[in-house]
Structures are given as C-alpha cells and as structure tokens.
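FYI, it's all coordinate maths here, none of it is from the lab. Quick caveat: nothing in here was measured; it's all calculated off a predicted structure. So basically every Cβ, Gly included, is an ideal-geometry build from the backbone, and we count neighbours across all protein chains shown.
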Amino acid sequence: MAEVINLNRVRKARVKADDKARAAANRVAHGRSKGQKTAADIERSRAAQLLDGQKLAAPATDETPPKS
C-alpha cells in the first residue's frame, strides 16, 4: 500500500522553498555588505558636517520690548 500524501502540505512546502530561493536571489542582487553600509554612513555624516559648516550664523537680534 502506498503512503498517504497531504497535497496541501506538499504545495505549501514547494511555495515556501520558492519564496526562500527568491529571497536569497534578492539579497544577492540588492543587498549591501556591512562595510559598504558603514562607508555610506561615514560619507553621509561627513557631508552633513560639511554642510553645517557652510551655513551662515543667524544675526543676533535684541528683542527686548521698549520701555514706556
């Protein structure tokens, strides 16, 4: 006598395996290494610091109300 196979379980296992393969391919195609992420963070912070250094200082205003 043959073994009974649950077709739903087989179908779901196949879909899960296909999803894992697609996810692995996407990680390879779109993922970045830790070194690349760190380099991008350093570059982003350097650019922000450079931009902050280029800003003009706000003029100091004395906003005290006139005395009556």
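Suppose R0 equals 35 Å. What FRET efficiency, 1/(1 + (r/R0)^6) with r the Cβ-Cβ distance, do ALA29 and MET1 give to the nearest 0.05?
0.15
What does the helix-only formula give at 222 nm for the chain: each DSSP H stretch with n ≥ 4 adding -39500 (n - 2.57), the total divided by the residues, and the result rounded to the nearest 500 deg cm²/dmol? Numbers along the way, then the final one.
On the way: 2 runs with 45 residues, N = 68.
Computed mean residue ellipticity for the chain: -23000 deg cm²/dmol.
In nm, to one decimal, how far is the modelled label at GLU43 from the one at LYS67, with both set 7 Å along Cα→Cβ?
Those two pseudo-labels are separated by 5.9 nm.
Grab the eigenvalues of the alpha-carbon gyration tensor for the chain, scale each by 5, take roots, and send me the semi-axes largest first in whole angstrom.
Its equivalent ellipsoid spans semi-axes of 64, 21, 6 Å.
Could you give the length gained on full extension between ASN8 and ALA21, defined as 0.36 nm per residue of separation minus the Cα-Cα distance, in nm? Present the calculation step by step, with values, prior to reporting the outcome.
Working: separation 13, 0.36 × 13 = 4.68 nm, distance 2.00 nm.
Once the chain is fully extended between ASN8 and ALA21, it gains 2.7 nm.
Could you give the dipole magnitude of the chain about its Cα centre, charging the beta-carbon of Lys and Arg +1 and that of Asp and Glu -1, in debye to the nearest 20? Display every interim value, and only then the final one.
Details: 15 positive and 8 negative charges, 136 e Å.
For this selection, approximately 660 debye.
Out of the GluC sites (Glu not before Pro) in the chain, which ones are loop residues according to DSSP with at most 16 other C-beta atoms within 10 Å?
On the way: sites: GLU3, GLU43, GLU63; in loops: GLU3, GLU63.
Answer by residue number: GLU3, GLU63.
State the answer as a single residue: which of GLY35, ASN8, ALA47 lies farthest towards the positive end of the charge dipole of the chain, with beta carbon charges of +1 for Lys and Arg and -1 for Asp and Glu, about the Cα centre.
ASN8
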